[in-house]
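Heads up, the thing below is written out as structure tokens.
The values are calculated or read from the model by the stated rules, or taken from the named source; none is laboratory data. A quick note: this is a predicted structure, and the numbers were derived from the prediction, not measured. Cβ placement follows ideal geometry from the backbone for every residue including glycine, while neighbour counts extend to all protein chains displayed.
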Amino acid sequence: MILLQLSAGQGPIECCKAVGLVLKIIEKQCREKGIKLHIVETVVTKEVGCFKSALLHLESGQPESAKQLAESWQGAMLWVCQSQFRPKHKRKNWFFSGQMYEVNETQLDKGVTFQTCRSSGAGGQHVNTTDSAVRATHTETGVSVRAESERSQHANKRLARALLFQKLEATKLEQMTQQEKARWQQHWEVERGNPVRTFKGEKFSLTP
């Protein structure tokens, strides 16, 4: 399973806008390359088209093509643009990041239990009469997620795996010691000084 996490970090709304613009570019690239893109989860803001983060699942008959695309968006990125939200703001450099994860589903499943249950959301008669929702629980930590947005049990199980992996990674970060967090923050600051991609202007044009 290839996952790509896009994040504005602790950045302001302009960084969240950059994540939204990149998401559109990745959707277009996936269509062109025949890669299925599943938006697993997004953390939205009050502004339309702006995201604090987005977790994407890339799926292809040729796994390497999905991995290569995800890897190409890995690292710190920079958008150089006058703020659309605060026109008089002096700052023009907005940082955001991408992180690719290659998840071994078989390995992950060894420590996970799956339960099927009735979906509770909208979706008509199909949703209400079938056990299509899936709850995944990591037995060691007790971390649990529920997926029910897809119509099939198989699709929801795939979604639950991705959600659970993200939640486990977030838990690891929370459990870091202060020293480890300081090293992680320092690494991020260094990365910010060396963006792997730089975009400019309101048209979000990629610079060579």
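Couple of notes before you dig in:
- Of all residues in the range 17-38, those that are outside any helix (DSSP H, G or I) and surrounded by 14 or more Cβ atoms within 10 Å (Cβ to Cβ) total 3.
- Condition check for GLU41: among the acidic types (Asp, Glu) and in a strand (DSSP E or B): yes
- Odd one out for ILE2, checked against (1) in contact with a helix residue (DSSP H, G or I) (Cβ under 8 Å, 6 or more places away or on another chain); (2) at pLDDT 95 or above; (3) among the β-branched types (Val, Ile, Thr): (2)
- Residue in the range 117-128 that is at pLDDT below 85 and closer than 18 Å to MET1 by Cβ present: no
- In the range 61-81, the qualifying residues are those that are assigned to a loop (DSSP other than H, G, I, E, B) and touching a residue at least 40 places away in the same chain (Cβ under 8 Å), and the one that is farthest from the chain's Cα centre (by Cα) is CYS81.
- For the range 72-87, a residue qualifies if it is under 17 Å from LEU23 (Cα atoms) and among the small types (Gly, Ala, Ser), and the qualifying residues are SER72, GLY75, ALA76.
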